[in-house]
Amino acid sequence: MASFQERIIETIITDFEQIKTMPADKNQRNECNILLKRIESAKKLFSADSQLSSKLVDIEKKINILKNS
């Protein structure tokens, strides 16, 4: 069974995959912004775990690329 922190990362990844399938419009950018806020909150929770924090940073970079494309 996955830990709470791993589950948070899994849901963020799943949501990101769903956002990637959306048309590239205002709604997709808004969803990206919401997901980025979730990542910021998760980073605060994971501050003691550098491995999980680095996963979040990697996902954050991918979301920013999608949002700005």
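The values are calculated or read from the model by the stated rules, or taken from the named source; none is laboratory data. From a predicted model like this one, the values you see are computed outputs, not experimental measurements. Cβ atoms come from the backbone with ideal geometry, glycine included; neighbour counts cover every protein chain shown. When the accessible area is computed, the model is the full protein with side chains, heavy atoms only, and any ligands, DNA or RNA have been set aside. Shrake-Rupley method; radii C 1.70, N 1.55, O 1.52, S 1.80 Å.
Pairs of Lys residues in the chain, spaced 8 or more positions apart or belonging to different chains, with C-alpha separations under 21 angstrom: 21 in total.
For R7, the solvent-accessible surface computed with a 1.4 Å probe is close to 130 Å², ligands and nucleic acids excluded. Helix-only arithmetic for the chain: the sum of -39500 (n - 2.57) across DSSP H runs with n ≥ 4, divided by the residue total, places the mean residue ellipticity at 222 nm at -27000 deg cm²/dmol.
Using a probe of 1.4 angstrom, how much of the accessible area of the chain is carbon and sulfur, in percent? Could the numbers behind the result be given before it?
Details: 2540 of 4770 Å².
Carbon and sulfur together cover 53 percent of it.
Given the choices (i) 12.1, 37; (ii) 12.8, 39; (iii) 14.1, 39, Rg and Dmax of the Cα atoms in Å derived from the coordinates of this structure is entry (i). A cut-off under 14 angstrom between Cβ atoms defines the neighbours of L36, and their net charge, with Lys, Arg +1 and Asp, Glu -1, is +3. Rounded to the nearest 20, the Cβ-based charge dipole of the chain about its Cα centre (Lys and Arg +1, Asp and Glu -1) stands at 240 debye.
What does the charge add up to near T11, with Lys and Arg as +1, Asp and Glu as -1, over the other residues with Cβ less than 12 Å from its Cβ?
Result for the local shell: -2.
Residue ranking by accessible heavy-atom surface, 1.4 Å probe, largest first, among T14, T21 comes out as T21, T14.
For the range 1-60, the solvent-accessible area works out to 67 Å² per residue, with a probe of 1.4 Å and every protein chain left in place. Computed on the chain, with alpha-carbon pairs under 8 angstrom and 6+ residues apart, the relative contact order is 36 percent.
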